[in-house]
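This report refers to the structure that appears directly beneath it.
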Amino acid sequence: MLRHTADRIPAVLRRPFVQRLSAIAVIAVIAIVIPAFFPSTYYYRVAALVFVFAIAAIGLNLLMGFAGQVSLGHAGFMGIGAYAVAIGPTHFNIPSWLSFLIGAALSAFVAFIVGRPILRLKGHYLAVATLGFGLLLAIVFVNEARLTGGPDGMLVPRPVLFGWSVRGTETWYWIAAISFVFGAALAANLIDSPTGRALRAIHDSEVAARVLGVDVAKQKLVIFIISAVYASVAGSYLAAFNGHITPDVSGFLRSIELVAMVVLGGIGSIAGSLVGAALLVMLPQVLTFLHDYEQMVLGLVVMGVMIFLRAGIVPSIAAALSRRRA
Amino acid sequence: MMQKYMKIAAASIFAACLAVGSASAQVKIGAILSVTGPASFLGDPEKKTLEMYVADINAKGGVNGKKLELVVYDDGGKPNEALTFAKRLVDEDKITAMVGGSTTGVTLAIIPIFEEAQIPFISLAGAIQIIQPVRKWVFKTPHTDTMACEKIFADLKRRNLTKVALISGTAAFGKSMRDQCVAVAPKAGITVVHEESYGPGDTDMTPQLTNIKGKAGVQAVINTDFGQGPAIVTRNYQQLGIKLPFYQSHGVASKQYINLAGPAAEGVRLPAAALLVADKLSANDKQKPVVEAYKKTYEQKSGQPVSTFGGHAYDGLMILVEAAKRAGSWDKAKVRDEIEKTKGFVGTGGIVNMSPTDHLGLDLTAFRMLEIKKGDWTLVSDSGS
Amino acid sequence: MAEFVQFLFSGLTVGAVYALVALGFTLIYNASDVINFAQGEFVMLGGMTTVFLGLAGIPLPLAALLAVIFAMAVGLALHRFAIETARGANAVSLIMITIGASIFLRGAAQVFFDKQFHTLPAFFGSEPIRFVGAAILPQSLVVLAGAVVIVVLLWTFIDRTLLGKAVIATAVNRLAARLVGIDTRRIVGFSFAISAAIGAVAGILITPITLTNYDVGTLLALKGFAAAMLGGMGIAAGAVIGGLVLGLLEAFAAGYLSSQYKDAVAFLVILTVLFVMPQGLLGRAKVERV
């Protein structure tokens, strides 16, 4: 699937660290200012969802943009994170914050176990393997009804931190926004670390990287684990925020949606992940006036973005702007 | 750099502003329905029904001097999306009442929002958890799975059959009903001797049915599912030449099942609302005029066979409208109180008698036991076998 | 014994369905390296168009023919207006375009057809053929035969015709293909039309077994994609073998192990096979060029 992308590293990745960090700073400022324009908590909810999904998208973006690996099963990790904060407090009396950490650790562990064999696969074969992995998790969530409530899902207890019950849409907006900025900064940092450089070498050419002494398998595994943790964190937030969770969170269509967020926003662009998430979370809200024609228009928008902004929204616009300046 | 992000932000804000509905002086009724996605055969007739009857009510001058405005959102069967729309109905559209929630998963997810906003919410989903425990603002119109199980078990007892095999879909409806049937079986004197299941979208269930066929002691088979699954199971049942009495659930809710299953559906029994046998009800049946009128209206306007799912939406809307009329206003608390006092309401699903402890108000008489003969529904009398 | 044969029959029935759907992926993949996520929608279009033309009073064989032609037109349009316009975009972007197309086609189907389930009459009746206590429907054999015929046609086409060789040349190296005078654009467009036709034929053949509605393509394409990968992407015989193996796995898992976890068993086996044979059952290892 990624043979063609391997031809060259997206231009955004070549930008220096400082520039990437300034982009994140801009996002942070926007996140702080924008609630002033929200007429109601509905807007807080939509914005919070954008940030939550953007967290998962950044993780997947690291995997796709830097390691050149696609995953069609990433919603599976969201499912692990989501069910961790649901099952932990409900069935085992584990506090939410600890369940959250256990979920992230469990996702990392699962990614570690399945990562090695799965990441040996290439392109489409990797895609189908990750797809199968995601489906396996979804089947477990549906069938282990005693723990998960089955297809109708289960209630997620309100997290309690130091005696303070976390609730309210505004609260979740701030949690999601701060976590996103934090996650984005971490990702930017990672890109400029030795691991990041090794990964970019893998992206350019696996064989060449190996010749230069990069432990390709290990580096891929590391990034796979990191991206799984991002997805898990997003899943936990989604579950705790919604207060109710169904296996739908880990379904195949969610995985595709995550990939779409990354690709539409721009592979390799952290701001792109946010824009991609915003697009796919907000479009169904904006398009409601179309009623029966909503799905058709949604499909056309996805196609249109890819046709006219081939590298994804953010990188394409950035390239167009710099061309004009030059 | 800065410019670029500001532009994106500006575009996002603009897009968000588009989402705001226009204000109106009318009474707004919200509806979150699974119009697309795997549960669209619920949401689609529900939406059509609500639109038809809201238009009809408005043509007659509205209720309490106000016209109704229906705000429908499609959740695609996804609880996360439904939650966002629920927030939007409460915060942006400022609805007075809510009729909807096609599936149990969606309903359970959005209940807290309407409870908190204190808005009357009539759900169209099946599971008993929606009204048990009773929640102040939440009601529902469809019969529960438990009632369907009990109705089937009662019919089995009349035929002196006590050992059954279950084959259920793993999607929400099938799974939920399976759980309820297993739970109430001992009380009804029924033993579930074997269980099988199949996934959504499966296209051949002969392995599962072969196992049931080979299981000694099975006297009857019950299939709990909706959608296309029951039609395929029924065909496979005939393909394998299984002769045991075969029961479907109330998830099989329209003529479409008979069309899809074809001759294989002969002899299949199922509990269903009176709506399916509108033309065969006795002339003194209280429900006859209501179900005949609804069936005629729906089939004429939509060009599709009537389904009990659409009927649930009709019942929900009418219970709400009747309550508002009795309340004499659209005050949310008053309307809620009147919904709870609904007595003797004749709907497509049965005769509804609600109370502070019963937010459904239907009993087993709401279900009719049907048998498919010569490609049509027939009523099984309660006394005979 | 009767049980075993029945599971076998079930596996062959379901497997033949998967095989037919999987076959649709091969040609587009061969010509353009793109996994067409809208392939399931071609299957849906074949079945639904036939159903609706039939309802409009057109005799079913003619309706089926028109449905195939219609699907081909949609395939060509998808290529001409989306894939071709985005020429030069990378494979992930092209795949995303096919995902957009699948959303669009599903949306269009629910508006222009409806959201009900439909069926078509079985070609040779629905009287099951009985064999040592097990039963199989004649339509299952029709689907199997359809898969075999399509494989033979595809193989003959690719190995024995100049046009077929042009498809392979386009897949291997588009620039080189262009240099030797192959109109690669037309070749890729052609592969979209033929793949759409295969999908539509599949949809018509399987509808008497699986039923159809606007949404039926999603799950079928998922299984078909997995089957194609299991057999080895791009190889027609591999698609059929992958489909049959997947169907048999599901049937025997449902019969002997657990009907709840049959899909899980099937995917576990696929994962295991891919770990051992990373190119699928019939695939050959490719060497990455530096």
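Conditions tested, residue by residue: (1) free of Cβ contacts under 8 Å to residues at least 12 places away in the same chain; (2) within 28 Å of residue B:39 (Cα to Cα).
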residue: C:68; (1), (2): no, no
residue: C:76; (1), (2): no, no
residue: C:79; (1), (2): no, no
residue: C:91; (1), (2): no, no
residue: C:101; (1), (2): no, yes
residue: C:104; (1), (2): yes, yes
residue: C:109; (1), (2): no, yes
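Can you tell me which residues in the stretch C:86-101 are assigned to a helix (DSSP H, G or I) and more than 7 Å from chain A (Cβ to nearest Cβ)?
Hits for the stretch C:86-101 are C:94, C:98.
Set side by side, the residues A:47, A:82, A:104, A:54 differ, and just one is over 30 Å from residue B:89 (Cα atoms), assigned to a helix (DSSP H, G or I) and of a type in the set (A, V, I, L, M, F, W, C), which is A:104. Taken together, the residues in the stretch C:21-42 that are more than 12 Å from chain B (Cβ to nearest Cβ) and assigned to a helix (DSSP H, G or I) amount to 14.
Given the structure, is residue A:237 crowded, with 22+ Cβ neighbours inside 10 Å, aromatic (Phe, Trp, Tyr), in contact with a Gly (Cβ under 6 Å, 6 or more places away or on another chain) and more than 12 Å from chain C (Cβ to nearest Cβ)?
Here the answer is no, as residue A:237 does not meet what is asked.
Take the conditions (1) within 14 Å of chain A (Cβ to nearest Cβ); (2) among the charged types (D, E, K, R); (3) within 18 Å of the chain's Cα centre (by Cα); residue B:135 misses just one of them, which is (3). For the stretch B:161-173, the condition of being out of contact with any Phe, Trp or Tyr (no Cβ under 9 Å at 6 or more places or on another chain) and within 14 Å of chain C (Cβ to nearest Cβ) holds for at least one residue. Taking into account only those residues within the stretch B:69-116 that are part of a strand (DSSP E or B) and not aliphatic (A, V, I, L, M), which is modelled with the lowest pLDDT? Restricting to residues being part of a strand (DSSP E or B) and not aliphatic (A, V, I, L, M), the top hit is B:100. Annotation: of all residues in the stretch A:254-288 being β-branched (Val, Ile, Thr) and within 14 Å of residue A:315 (Cβ to Cβ), the one that is surrounded by the fewest Cβ atoms within 10 Å (Cβ to Cβ) is A:275. Taken residue by residue, the stretch A:245-253 has no member that is in a helix (DSSP H, G or I), among the hydrophobic types (A, V, I, L, M, F, W, C), more than 10 Å from chain C (Cβ to nearest Cβ) and surrounded by fewer than 24 Cβ atoms within 10 Å (Cβ to Cβ). Candidates A:158, A:146, A:167: the one that is more than 10 Å from chain C (Cβ to nearest Cβ), farther than 28 Å from residue B:87 by Cβ, out of contact with any helix residue (DSSP H, G or I) (no Cβ under 7 Å at 6 or more places or on another chain) and modelled with pLDDT under 90 is A:146.
On inspection, residue B:259 does not qualify as of a type outside the set (Gly, Ala, Ser), farther than 23 Å from residue B:154 by Cα and in a loop (DSSP other than H, G, I, E, B). Looking across B:185, B:127, B:148, one residue alone is more than 26 Å from residue C:262 (Cα to Cα), away from chain A (no Cβ under 14 Å) and under 13 Å from the mean Cα position of the chain (by Cα). It is B:148. Filtering the stretch B:91-108 to residues that are surrounded by fewer than 24 Cβ atoms within 10 Å (Cβ to Cβ), within 9 Å of another protein chain (Cβ to nearest Cβ) and touching a residue at least 60 places away in the same chain (Cβ under 8 Å) leaves only B:92. Would you confirm whether or not the stretch A:126-133 contains a residue that is within 12 Å of chain C (Cβ to nearest Cβ) and outside any helix (DSSP H, G or I)? No, there is no match, as no residue in the stretch A:126-133 is within 12 Å of chain C (Cβ to nearest Cβ) and outside any helix (DSSP H, G or I). Does residue C:200 satisfy the criteria of being surrounded by 24 or more Cβ atoms within 10 Å (Cβ to Cβ), away from chain B (no Cβ under 12 Å) and assigned to a helix (DSSP H, G or I)? Taking the combined requirement at face value, the residue satisfies it. Only residues that are over 25 Å from residue B:257 (Cα atoms), buried (at least 18 other Cβ atoms within 10 Å of the Cβ) and β-branched (Val, Ile, Thr): list them for the stretch C:102-150, please. Those that are over 25 Å from residue B:257 (Cα atoms), buried (at least 18 other Cβ atoms within 10 Å of the Cβ) and β-branched (Val, Ile, Thr): C:103, C:150. Answer yes if at least one residue in the stretch B:316-325 is surrounded by fewer than 16 Cβ atoms within 10 Å (Cβ to Cβ) and free of Cβ contacts under 8 Å to residues at least 12 places away in the same chain, and no otherwise. There is no residue in the stretch B:316-325 that is surrounded by fewer than 16 Cβ atoms within 10 Å (Cβ to Cβ) and free of Cβ contacts under 8 Å to residues at least 12 places away in the same chain.
Residues that are surrounded by fewer than 18 Cβ atoms within 10 Å (Cβ to Cβ) and either of a type in the set (A, V, I, L, M) or within 11 Å of another protein chain (Cβ to nearest Cβ) (or both) within the stretch A:201-215 comprise A:204, A:205, A:207, A:208, A:210, A:211, A:212, listed in sequence order. Looking across A:213, A:276, A:299, one residue alone is of a type in the set (Gly, Ala, Ser) and not in a helix (DSSP H, G or I). It is A:213.
Quick check on the stretch C:243-250. Is at least one of its residues among the small types (Gly, Ala, Ser), within 9 Å of chain B (Cβ to nearest Cβ) and within 24 Å of residue A:142 (Cβ to Cβ)? Scanning the stretch C:243-250, I find at least one residue that is among the small types (Gly, Ala, Ser), within 9 Å of chain B (Cβ to nearest Cβ) and within 24 Å of residue A:142 (Cβ to Cβ), so the answer is yes.
Restricting A:35, A:89, A:39 to residues that are surrounded by fewer than 24 Cβ atoms within 10 Å (Cβ to Cβ) and outside any helix (DSSP H, G or I) narrows the list to A:39.
Against the numbered list (1) of a type outside the set (Ser, Thr, Tyr); (2) in a helix (DSSP H, G or I); (3) at pLDDT below 95; (4) assigned by TED's automatic domain parsing to the domain that holds residue B:347, residue B:317 comes up short only at (3). Here the helices (runs of 4 or more DSSP H) wholly within the stretch C:206-290 that include at least 2 residues being at pLDDT 90 or above and either in contact with a Pro (Cβ under 9 Å, 6 or more places away or on another chain) or crowded, with 22+ Cβ neighbours inside 10 Å (or both) are C:216-231, C:236-252.
The values are calculated or read from the model by the stated rules, or taken from the named source; none is laboratory data. In this text the structure is predicted, and so the values were computed from the model without any measurement. Counting neighbours? That spans all protein chains shown, and the Cβs are built from the backbone with ideal geometry, glycine included.
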